[in-house]
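> Attaching a single structure in structure tokens format; questions to follow.
The values are calculated or read from the model by the stated rules, or taken from the named source; none is laboratory data. Since this is a predicted model, take the numbers as computed values, not measurements. Here Cβ is always computed from backbone atoms with ideal geometry, including for glycine, and neighbour counts include all displayed protein chains.
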Amino acid sequence: MKKIKNILKVSTFVIIGIFSFQFVIGDISFELVKNLDIFTSVMQGLNKNYVDEIQPGSLTKTAIDEMLKSLDPYTEFIPESDMEDYKLMATGQYGGVGALIQNLDSFVVVSEPYEGFPAYNAGLRAGDIILEINGVSVKGKSTQEVSDMLKGTPDTDVEITFKNIFDENIKKVKLTRKEIKLPEVPYYGIVAPHIGYISLSSFTMNCSNTVKDALLKLKENDPNLQGLILDLRNNGGGLLNEAVNIINIFVPKNTEVVSTKGRLPEANRVYKTMQAPVDLEIPLCVLINENSASASEIVAGALQDLDRAVIIGEQSYGKGLVQNIIDLPYNSKLKVTIAKYYIPSGRCIQKIDYSDKTNGVGRQISADEQKIFFTKNKRPVKDAGGILPDIDVKIDSISAFTAALYVGQHIFKFATLYSIKHPTISQPDQFKLSDADYNEFIAYMKDKEIKYSSPLKMELDKLTKLAEDEKKLDLIKDDIELLKKKITLDNQDELLHYKDEITNILTPEIISRYYYQKGRIQYELQNDNFTHKAIEILSNPSQYNNILSVK
């Protein structure tokens with residue numbers, strides 16, 4: 001994995017945090033040299049003798065990918081062709097047209113354009129099918145393939161041919177790619193009397209300043225702000241320095257918040273807050289779920305260990321590994337795991353042990369192996385399992401029928417049709433789907449295929465098969481038929497039966513056609529169990545203090 005020289009110098013860039021260092025390795029092992037020689041000889045042998053002409057680049061990438069896959073999921077090769085994706089990961093920026101896309105039938109469709117960027121300015125909207133890019137049909141291509149075609153160097157042109165899913169009128173526009181900066185804080189605002197809310201979607205460069213600015217704006221808008229909710233749900237992490245800087249907003253300068261320990265001495269580091277805090281006193285709740293990972297877990301875990309915040313939600317992902325970026329020849333890079341990180345109590349929250357693999361996968365650390373650590377106030381916390389919240393909150397489940405509507409793109413399509421028929425709607429926190437609107441949805445679904453099988457019916461089918469196998473079907477056949485009639489509803493009946501939960505999913509999809517991601521979040525917060533629990537705790541100082549007190 002390392003470029004062979006008598007003396008190897010590697011410059012690195014941290015993914016979960018940023019720091020650079022150089023180290024020297026001498027005496028390259030004979031085993032490494034031998035296997036590199038074998039690999040080169042194999043490639044030369046294939047190139048010279050294989051029956052068909054080989055593609056050395058493709059073969060080499062396959063070999064590298066398979067080799068790295070045997071280590072852990074986070075160590076990976078980044079070829080030059082993927083540099084825009086790497087740039088997006090590290091900075092939140094990329095060269096492109098500024099639109100989210102998704103698959104729809106055999107095409108790729110715009111799911112949301114970013115306001116103010118080329119796609120939006122050219123008139124592309126959610127529900128527009130991309131037919132061609134620069135004259136090349138994209139039918140049957142994946143979202144990744146289409147994304148790669150749309151991305152490119154800023155100030156270069158790209159021609160898009162498209163039509164709406166409910167309009168056969170084909171349009172063609174030429175766009176000039178721009179530097180697209182995704183919002184790290186898609187929404188912040190006051191969600192209850194004197195309770196602020198900040199949503200952080202990723203830990204990209206300078207996101208800590210964005211969070212700080214959002215907090216200062218909230219305090220300016222409400223001088224009596226008495227609590228803050230920091231939402232890290234579905235935040236997969238990013239740069240370690242930014243995590244440290246966000247913690248720094250709420251804890252004193254010179255506080256140790258995370259350390260890293262690896263095989264190389266240079267990977268061993270202690271991170272302390274470097275700046276004066278913004279607010280040491282404001283009560284703080286942090287929301288996490290199973291998709292909160294890496295830098296999100298550092299922020300949540302450090303604030304938990306320091307008893308600075310109440311953590312609310314679900315057990316987090318459990319990624320306690322640190323990656324660096326190493327420059328390779330030909331503008332490629334290697335993202336390599338170089339250390340584990342440890343939060344203030346001394347625990348590492350890595351859930352999977354990749355040093356002990358069985359059948360090619362890591363071993364999940366069992367509950368019996370987890371160790372007890374203690375927060376600043378001597379509250380017990382565990383390692384090796386992600387961050388366990390102080391207050392558990394579970395997401396509301398939805399029925400298989402409603403899930404089938406969503407997966408089948410019926411929600412997406414109707415929201416698009418609704419936006420065509422209704423040029424404007426009220427503000428996100430005021431919009432309600434009326435009974436007439438829902439009846440319109442029922443009428444729309446009348447001739448649509450819903451790929452759905454009731455879980456109750458599937459279990460009844462299993463019972464029927466079991467009774468048949470046991471030669472007892474005749475004894476219960478009438479009962480089974482009666483049950484089948486009682487649990488079988490046609491699609492129209494199902495739409496009425498699940499009206500409330502379908503409305504809760506359909507409404508934000510419609511709102512996103514007018515107010516985009518910000519409007520969707522603003523609406524969903526009104527019915528969000530996680531946020532409601534945080535508001536309850538922040539509105540009750542004695543409850544908040546009791547959770548964080550010495551046990």
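> How many residues are in a strand (DSSP E or B) and either in the same structural domain as SER202 (by TED's automatic domain parsing) or more than 27 Å from PRO423 (Cα to Cα) (or both) if we restrict to the range 89-118?
Result for the range 89-118: 4.
> Answer with yes or no whether ALA339 is of a type in the set (Gly, Ala, Ser), surrounded by 15 or more Cβ atoms within 10 Å (Cβ to Cβ), modelled with pLDDT of 95 or more and not assigned by TED's automatic domain parsing to the domain that holds ASN377.
Taking the combined requirement at face value, the residue satisfies it.
> When the range 119-167 is examined, which residues are found to be under 25 Å from the mean Cα position of the chain (by Cα), part of a loop (DSSP other than H, G, I, E, B) and farther than 22 Å from LYS181 by Cβ?
Once the filter is applied, which keeps residues that are under 25 Å from the mean Cα position of the chain (by Cα), part of a loop (DSSP other than H, G, I, E, B) and farther than 22 Å from LYS181 by Cβ, the range 119-167 yields GLY127, LYS141, SER142.
> Among the residues of the range 424-431, is any of a type in the set (Gly, Ala, Ser) and within 18 Å of GLU524 (Cβ to Cβ)?
yes
> Then there is this: If you go through the range 396-424, how many residues are β-branched (Val, Ile, Thr) and in contact with a strand residue (DSSP E or B) (Cβ under 9 Å, 6 or more places away or on another chain)?
The number of residues fulfilling the criteria is 2.
> Considering every residue within the range 210-217, establish whether at least one is of a type in the set (S, T, N, Q), surrounded by 15 or more Cβ atoms within 10 Å (Cβ to Cβ), within 20 Å of SER296 (Cβ to Cβ) and modelled with pLDDT of 95 or more.
There is at least one residue in the range 210-217 that is of a type in the set (S, T, N, Q), surrounded by 15 or more Cβ atoms within 10 Å (Cβ to Cβ), within 20 Å of SER296 (Cβ to Cβ) and modelled with pLDDT of 95 or more.
> When only residues in the range 89-137 that are among the hydroxyl-bearing types (Ser, Thr, Tyr) and in contact (Cβ under 8 Å) with a residue 40 or more places away in the chain count, which is farthest from ILE325 (Cα to Cα)?
It comes out as SER111.
> Of everything in the range 166-186, what is surrounded by fewer than 20 Cβ atoms within 10 Å (Cβ to Cβ) and in contact with a Leu (Cβ under 8 Å, 6 or more places away or on another chain)? Give them in sequence order.
Across the range 166-186, the qualifying residues are PHE166, ILE170, VAL173, LEU182, VAL185.
> Filter the range 102-111 for residues that are within 16 Å of TYR406 (Cα to Cα) and not polar (S, T, N, Q); which is modelled with the highest pLDDT?
Looking at the filtered set, the residue picked out is VAL109.
> The conditions are (1) free of Cβ contacts under 8 Å to residues at least 40 places away in the same chain; (2) more than 20 Å from TYR342 (Cβ to Cβ), and LEU405 fails exactly one of them. Which is it?
That leaves (1) as the condition not met.
> Of all residues in the range 365-395 being among the aliphatic types (A, V, I, L, M) and outside any loop (DSSP other than H, G, I, E, B), which is nearest to GLN304 (Cα to Cα)?
VAL381
> Ok, one more. Checking ASN234 against (1) in contact with a strand residue (DSSP E or B) (Cβ under 9 Å, 6 or more places away or on another chain); (2) of a type outside the set (Asp, Glu); (3) modelled with pLDDT of 95 or more, which test does it fail?
Result: ASN234 fails condition (1) only.
> Note down all Cβ pairs under 7 Å where the first residue falls in the range 249-269 and is assigned by TED's automatic domain parsing to the domain that holds SER294 and more than 19 Å from LEU306 (Cα to Cα), the second is assigned to a strand (DSSP E or B) and basic (Lys, Arg), and they're at least six residues apart or on different chains.
Final answer for the pair search is LYS261/LYS340; ASN268/LYS261.
> For the range 103-117, which positions are farther than 19 Å from LYS518 by Cα and not hydroxyl-bearing (Ser, Thr, Tyr)?
Those that are farther than 19 Å from LYS518 by Cα and not hydroxyl-bearing (Ser, Thr, Tyr): ASN103, LEU104, ASP105, PHE107, VAL108, VAL109.
> Can you name the residue in the range 192-237 that is among the charged types (D, E, K, R) and part of a loop (DSSP other than H, G, I, E, B) and is also nearest to ASN529 (Cα to Cα) among such residues?
Among residues in the range 192-237 that are among the charged types (D, E, K, R) and part of a loop (DSSP other than H, G, I, E, B), the one nearest to ASN529 (Cα to Cα) is ARG233.
> Looking at ASP435, ASP383, which is the one that is without any contact (Cβ under 8 Å) to a residue 40 or more places away in the chain, under 16 Å from ILE510 (Cα atoms) and either in contact with a Lys or Arg (Cβ under 9 Å, 6 or more places away or on another chain) or loosely packed, with under 12 Cβ neighbours inside 10 Å (or both)?
Testing whether each residue is without any contact (Cβ under 8 Å) to a residue 40 or more places away in the chain, under 16 Å from ILE510 (Cα atoms) and either in contact with a Lys or Arg (Cβ under 9 Å, 6 or more places away or on another chain) or loosely packed, with under 12 Cβ neighbours inside 10 Å (or both) leaves just ASP435.
> Do the conditions hold for SER453, that is, is it small (Gly, Ala, Ser) and either more than 28 Å from GLU112 (Cβ to Cβ) or in a loop (DSSP other than H, G, I, E, B) (or both)?
yes
> Which of the following residues is over 37 Å from the mean Cα position of the chain (by Cα), surrounded by 15 or more Cβ atoms within 10 Å (Cβ to Cβ) and without any contact (Cβ under 8 Å) to a residue 60 or more places away in the chain: LEU466, LEU475, LEU483?
LEU483
> While we're on this one: For the range 33-86, enumerate the residues that are closer than 29 Å to GLY362 by Cα, without any contact (Cβ under 8 Å) to a residue 24 or more places away in the chain and among the polar types (S, T, N, Q).
ASN35, SER58, THR60, THR62 - these are the residues of the range 33-86 that are closer than 29 Å to GLY362 by Cα, without any contact (Cβ under 8 Å) to a residue 24 or more places away in the chain and among the polar types (S, T, N, Q).
> Yes or no: THR153 outside the structural domain of SER316 (by TED's automatic domain parsing) and modelled with pLDDT under 95?
Against the criterion (outside the structural domain of SER316 (by TED's automatic domain parsing) and modelled with pLDDT under 95), THR153 qualifies.
> Also, quick follow-up: Among the numbered conditions (1) in contact (Cβ under 8 Å) with a residue 12 or more places away in the chain; (2) assigned by TED's automatic domain parsing to the domain that holds PRO508, tell me where LEU460 comes up short.
Going through (1) in contact (Cβ under 8 Å) with a residue 12 or more places away in the chain; (2) assigned by TED's automatic domain parsing to the domain that holds PRO508 one by one, LEU460 breaks only (2).
> Still on this structure, I have one more. Let me confirm something: among ILE282, ILE246, ILE298, ILE288, which residue is in the same structural domain as LYS219 (by TED's automatic domain parsing), surrounded by fewer than 23 Cβ atoms within 10 Å (Cβ to Cβ) and in contact (Cβ under 8 Å) with a residue 24 or more places away in the chain?
Going through ILE282, ILE246, ILE298, ILE288 in turn, the sole match is ILE282.
> Considering the range 386-402 alone, what residues qualify as being touching a residue at least 60 places away in the same chain (Cβ under 8 Å) and over 13 Å from ARG347 (Cα atoms)?
PRO389, ASP390, ILE391, ASP392, VAL393, LYS394, ILE395, ASP396, ILE398, SER399, PHE401, THR402
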